[in-house]
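The values are calculated or read from the model by the stated rules, or taken from the named source; none is laboratory data. Remember, predicted model here, so these are calculated numbers, not experimental data. Reconstructed Cβ throughout: ideal geometry from the backbone, glycine too, with neighbour counts over all protein chains shown.
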Amino acid sequence: MKIPFNRPYITGLEKTYVNEVLESRKLSGNRDFTGKCHAHFEKQAGFKKVLLTSSCTDALEMSALLLDIQPGDEVIMPSYTFVSTANSFALRGAVPVFADSSTLNPNIDPSEIERLVNPKTKAILIVHYAGIACDMDRIMKIADDNNLPVVEDAAQSIGSFYKGRPLGTIGTFGTFSFHETKNVTSGEGGLLIINDPAYNQKAEYAWEKGTNRLEFHRKETDKYNWVSLGSSYLMSELNAALLYAQLEQFEQIQTLRKEAWNLYYQDLKHLQEESLIQLPNIPDYATNNAHIFYLVCRTGNERDRLLKHLQNNGILAVFHYLALHESPYFKPNYKGTDLKNAIMYTSNLVRLPLFAGLTKNEIEQVTKSIREFFHNERIYDQEKTDSKKPSAG
Ligand SMILES: *Cc1c(COP(=O)(O)O)cnc(C)c1O
């Protein structure tokens, strides 16, 4: 039996809604389903203002554009993140200034932001890894003291909170992803969350290719024109229809994912007690949206052998980010210090299969295989210790 890493969950309503769009013959962006998705986030979830985009990468690019990032501007961000976090700002000429992760979990270490902030810094970009909140009070305090905007790359964070506040609603902007691998999907898709109303108008212009088309549609102006820089960031109605079906089933999706996540935790926590692995650390201020179940091995070598062992047992577990300060594109220009934790997570972290619909039986197969692996590691550790002891006689 093969256990995939991810299997997108289809609730059943997707086909009905996508068909409605096809029947309507209105396939481009910002029609009924976009409106329904916007209302879901603004009315139900209470976000101030949102715009559906064709990816989280797009929403991040919009943030960089709206913040008027200029060539040479420094933007502090974690090294242990997806390439889009950096790329979206680098496209506008920003210099990514990479910060290390915490030892607690892969999130940015706030003391790293304090170390790196300087007069050239124009923004702070943070990532809530695995949907587990960063230490936002500390981060917002540093940002406020230095008068800097914060962008939350909340790509993985739908349904997760920091001290009761939804992730993505704390910084100036937040971004979600609805990529196939995320909790809720439209195939490809994203969301820009605008928390500072001063950017609302500019964001609408940027979203619609730099025009005031939305104002024209609301009959606030009698023609629309090129009014700013922008691009085509809208999500198609076909994707919005798919997304809306998933949003309607959000609670059900989350229940299934959390059940799977908790089963993993129960079955593996004794390995953490033995210090063989480190399991996700969820601080008191954070919640868990069961986006990723990860574990951190003691060494890169052990991690690689664990992945191979699982693969040999028909289980697709995977590593995650490769620290960006060490990437082929950026490394030649990197002048900072070693980022020890970013490198440690690059080499030691494993993500286990996790999706809504993963069965109890499949989870038990995964955890059994992991226990088997560590059983052998323990014997190996013991042999190493024994061979170091002076032999009797
Ligand atoms: C998935 C992800 C992205 C990119 O999302 P897309 O919708 O594929 O553009 C960006 N940042 C993080 C942290 C992600 O996990």
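Looking at the range 53-96, which of its residues are β-branched (Val, Ile, Thr) and either within 20 Å of residue 185 (Cα to Cα) or near the ligand (Cβ under 9 Å from one of its atoms) (or both)?
Within the range 53-96, the first condition is being β-branched (Val, Ile, Thr), and the residues that meet it are 53, 57, 69, 75-76, 81, 83, 85, 95.
Listed by number, the residues that qualify are 53, 57, 81, 83, 85.
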* **Scan of the range 136-186 for residues that are within 16 Å of the ligand (Cβ to nearest atom), touching a residue at least 60 places away in the same chain (Cβ under 8 Å) and charged (D, E, K, R), ordered by number** => 153, 180, 182
* To do: State whether one or more residues within the range 10-25 are within 28 Å of residue 319 (Cβ to Cβ) and under 24 Å from the mean Cα position of the chain (by Cα).
  => yes
* **Among residues of the range 9-52, those that are part of a helix (DSSP H, G or I) and either within 16 Å of the ligand (Cβ to nearest atom) or not acidic (Asp, Glu) (or both), counted** => 20
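Rundown of residues vs (1) surrounded by 24 or more Cβ atoms within 10 Å (Cβ to Cβ); (2) touching a strand residue (DSSP E or B) at 6+ places or on another chain (Cβ under 9 Å); (3) of a type outside the set (A, V, I, L, M), yes/no style:
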{"position": "42", "(1), (2), (3)": "no, yes, yes"}
{"position": "45", "(1), (2), (3)": "no, yes, no"}
{"position": "58", "(1), (2), (3)": "yes, yes, yes"}
{"position": "90", "(1), (2), (3)": "no, yes, no"}
{"position": "95", "(1), (2), (3)": "no, yes, no"}
* To do: Report whether or not residue 97 is in contact with a Lys or Arg (Cβ under 9 Å, 6 or more places away or on another chain), under 30 Å from residue 231 (Cα atoms) and among the β-branched types (Val, Ile, Thr).
  => yes
* Structure fact -> When every residue in the range 264-297 that is without any contact (Cβ under 8 Å) to a residue 40 or more places away in the chain and outside any loop (DSSP other than H, G, I, E, B) is compared, the one surrounded by the most Cβ atoms within 10 Å (Cβ to Cβ) is 278
* Structure fact -> residue 119 fails exactly one of (1) crowded, with 20+ Cβ neighbours inside 10 Å; (2) away from the ligand (no atom under 12 Å from the Cβ), namely (1)
* To do: With the condition kept exactly as written, say whether any residue in the range 107-114 is without any contact (Cβ under 8 Å) to a residue 60 or more places away in the chain and either within 11 Å of the ligand (Cβ to nearest atom) or in a loop (DSSP other than H, G, I, E, B) (or both).
  => yes
* To do: Working only within the range 210-236, note down all residues that are surrounded by fewer than 16 Cβ atoms within 10 Å (Cβ to Cβ) and at positive phi.
  => 219
* Structure fact -> Sole miss for residue 300 among (1) of a type outside the set (Val, Ile, Thr); (2) surrounded by 16 or more Cβ atoms within 10 Å (Cβ to Cβ); (3) touching a residue at least 24 places away in the same chain (Cβ under 8 Å) is condition (2)
* To do: Please go through the range 313-335 and pick out each residue that is modelled with pLDDT of 95 or more and closer than 20 Å to residue 75 by Cβ.
  => 321, 322, 323, 324, 325, 326, 327, 329, 330, 331, 332, 334
